[in-house]
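Report on the structure given below.
The values are calculated or read from the model by the stated rules, or taken from the named source; none is laboratory data. Quick caveat: nothing in here was measured; it's all calculated off a predicted structure. Glycine gets a Cβ as well: all are built from the backbone with ideal geometry, and neighbour counts include every protein chain shown.
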Amino acid sequence: MNKIIFSLAFLFLIVPAISAQDEETPVESPKSSWSDKFFLAFTASTYTDLIISPLKYHYAPTGNTNQSGNPTSANIPFQSIQYNIISLGIEPRYNLKEFDDNTALTVASPISFGIGTTGPVDDIKVQGVRGFGSIQIPIIMKLFLGNGSTYRTQKDFGFNIGGGLEFNKIGLINLSGETNQFNSPFVMPCITTGVVLMRGDTPMEINFKYGFSQFKTQDTNGQGDLLLDNFGVPTERKVRGQTLKLSFVYLMNY
């Protein structure tokens with residue numbers, strides 16, 4: 001009987017102690033939700049958005065005629081340029097990995113529409129499309145440090161660097177009435193870097209992006225004849241597609 005009483009007394013003493021220990025055990029914080037790592041920004045570029053398409057050869061009319069007076073065709077170099085007066089867009093961004101409050105690996109897609117005219121890089125050396133408007137859709141992986149990296153950072157200054165691929169389409173609206181078969185979209189690698197500062201209560205980023213394609217050699221002009229230098233000597237020129245853009249990025253959901 002004494003053993004039973006002693007056992008019951010022991011249980012009454014040990015159970016509250018165990019319960020107290022359970023209550024003191026730290027509970028793991030819930031995992032971050034998708035919205036905790038998602039950012040959305042408005043982007044704007046003014047007179048700082050240049051797009052040059054890669055050099056491509058197409059079998060097309062030369063603009064000349066043969067001895068019989070019939071139009072001639074040949075492999076013609078095409079390269080177009082678009083200089084946008086203004087480009088506006090949105091940039092969704094998601095933090096793939098947050099190493100701490102001030103460091104994050106992220107993927108971003110700064111989609112933008114450009115307002116500007118399209119034309120040949122050089123009317124004599126190449127042919128090109130004539131149109132209006134452009135669209136860019138990059139997919140870029142970036143490393144963010146400091147301000148703008150996470151919602152928890154307390155830093156006043158930030159920096160980011162990254163690289164990826166960008167889809168470009170220039171001359172969205174055909175102004176010449178000619179066929180669009182020589183105005184295909186193009187994809188090229190790009191690199192980017194930016195600094196993030198506080199603008200009032202929200203971060204603002206000043207971002208620079210540069211895209212580039214492989215160099216190609218051009219040895220004929222826009223009429224299918226040999227490319228000549230200023231002295232009439234056959235020459236070659238090495239060219240590549242390029243994009244240059246300086247943007248201001250304003251976070252909207254910070």
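Below are the figures for this structure:
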item: In segment 53-72, residue nearest to the chain's Cα centre (by Cα) [restricted to those that are of a type in the set (Gly, Ala, Ser) and surrounded by fewer than 14 Cβ atoms within 10 Å (Cβ to Cβ)]; result: Gly63
item: Any hit, segment 141-163, residues being of a type outside the set (Asp, Glu), closer than 24 Å to Tyr254 by Cβ and in contact with a Cys (Cβ under 8 Å, 6 or more places away or on another chain); result: no
item: Odd one out for Lys97, checked against (1) basic (Lys, Arg); (2) at pLDDT 95 or above; (3) over 30 Å from Asn168 (Cβ atoms); result: (3)
item: Any pair with Cβ under 6 angstrom, 6 or more apart, that starts in segment 189-206 at a residue that is more than 9 Å from Asn147 (Cβ to Cβ) and ends at one that is charged (D, E, K, R) and in a strand (DSSP E or B); result: Cys190/Glu166; Cys190/Lys209; Thr192/Lys209; Gly194/Glu205
item: Tally, over segment 57-91, of residues that are assigned to a strand (DSSP E or B), closer than 20 Å to Thr243 by Cβ and touching a residue at least 40 places away in the same chain (Cβ under 8 Å); result: 12
item: Residue ranges of strands (runs of 3 or more DSSP E) in segment 108-177 with at least 3 members in contact with a Pro (Cβ under 7 Å, 6 or more places away or on another chain) and buried (at least 16 other Cβ atoms within 10 Å of the Cβ); result: 157-174
item: Selected residue (criterion: modelled with the lowest pLDDT) from residues of segment 178-211 that are of a type in the set (S, T, N, Q) and either part of a strand (DSSP E or B) or in contact with a helix residue (DSSP H, G or I) (Cβ under 9 Å, 6 or more places away or on another chain) (or both); result: Thr202
item: Of the criteria (1) within 30 Å of Ser33 (Cα to Cα); (2) surrounded by 14 or more Cβ atoms within 10 Å (Cβ to Cβ); (3) without any contact (Cβ under 8 Å) to a residue 60 or more places away in the chain, which one Glu98 fails; result: (3)
item: Matching residues in segment 212-243 - criterion: being touching a residue at least 60 places away in the same chain (Cβ under 8 Å) and part of a strand (DSSP E or B); result: Lys216, Gln218, Thr220, Arg237, Val239, Gln242, Thr243
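A quick yes/no check of all residues on (1) among the β-branched types (Val, Ile, Thr); (2) at pLDDT 95 or above; (3) more than 28 Å from Gly200 (Cβ to Cβ):
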site	(1), (2), (3)
Gly63	no, no, yes
Pro77	no, no, yes
Ile86	yes, yes, no
Arg93	no, yes, no
Pro138	no, yes, no
Leu143	no, yes, no
Gln154	no, no, no
